[in-house]
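Asker: Provided herewith is a single structure, encoded as structure tokens, for subsequent inquiry.
Every read-out reported here was derived from the displayed coordinates using simple, explicitly stated rules and does not represent laboratory data. For clarity, every value in this text was computed on a predicted model and none was experimentally measured.
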Amino acid sequence: MDPRPARVPVRPRAPFTSLTPLFSCKAQGITVFDLAVFGSLFLTLFVIMDPPGITPIFLALTSGRPAKVQRRMAWQAVCVAFGVIAVFGICGQQILDYLHVSVPALMIAGGLLLLLIALDLLTGKTDEPQQTKDVNVALVPLGMPLLAGPGAIVSVILAVQKADGFSGQLSVWSAIIAMHVVLWITMRYSLVIIRVIKDGGVVLVTRLAGMMLSAIAVQQIINGVLQVVHNA
């Protein structure tokens, strides 16, 4: 008889094959947060709303005002944009259906409005005090349609419709909130640029912003017309 104690069989460990994604946890097989949905919508909104590109337009439209007022207008513009996108995210498709308005029509209308604003920037009409200092540009055109434009609205409507369950909705709305935080930070700290470029630089930025905005407006109109032709 063998005096050595019997060995207890050891069950081999399962190979470690994957890592749980960051900010993604599971409880009873239900994903709490979907990084893929969050990243996809955030990148889409970043390209459409374009925080770096909105900086010269923001500086042009708010030039001549005290820094405190400009900071407040940056906050107001972000709040207006978030409010508009939130409303359309919740019941956007119902609003468009009730008004019998198609998505291409919304894109064309927004493009025309942006084009009128761009022409004012290019011709220097926004340099007149009665046209800038007495009008809250944080509402129109900054909040809408520059930030909460047709492209962003349509993207949010589609993302909300495609989101599955609580995890999808949480990821979608987290991406929307994160995008508006980025917008506020960009406009809030773009005021430092004014101290460097002075008044002459603001005029140059205004003309550049008008040219960029006109190109954005024309492209938006073209996209709307192409969709009308494609759907015909």
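Asker: In percent, what relative contact order does the stretch 44-165 have, based on Cα pairs under 8 Å that are 6 or more apart in sequence?
Answerer: It rounds to 49 percent for the stretch 44-165.
Asker: Using the Karplus equation 6.51 cos²θ - 1.76 cosθ + 1.60 (θ = phi - 60°), what ³J(HN,Hα) coupling, rounded to whole Hz, does each residue of the stretch 52-61 give in order, writing x for Gly and Pro?
Answerer: Each residue's phi maps through the Karplus curve to give x, x, 6, 4, x, 5, 4, 5, 5, 6 Hz.
Asker: Running Debye on the stretch 43-131 with equal point scatterers at the Cα sites and no solvent, what base-10 log of I(q)/I(0) appears at q = 0.15, 0.17 Å⁻¹?
Answerer: -0.79, -0.97
Asker: Can you tell me how the stretch 156-232 classifies by the Cα gyration tensor, rounded, prolate or oblate, using a/c under 1.5 as the rounded cut?
Answerer: Oblate, since a/c reaches 1.5 and b/c is not below a/b.
Asker: Step through the residues of the stretch 99-111 one at a time and calculate ³J(HN,Hα) from phi using the Karplus curve (6.51 cos²θ - 1.76 cosθ + 1.60, θ = phi - 60°), rounding each to whole Hz and writing x for Gly and Pro.
Answerer: Using θ = phi - 60°, the values come out as 7, 6, 10, 8, 5, x, 5, 5, 5, 5, 4, x, x Hz.
Asker: In whole Hz and in residue order, list the ³J(HN,Hα) couplings for the stretch 163-178 that follow from phi through the Karplus curve 6.51 cos²θ - 1.76 cosθ + 1.60, θ = phi - 60°; x for Gly and Pro.
Answerer: Here the 3J(HN,Hα) series is 5, 9, x, 5, 5, x, 5, 4, 5, 5, 6, 5, 5, 5, 5, 4 Hz.
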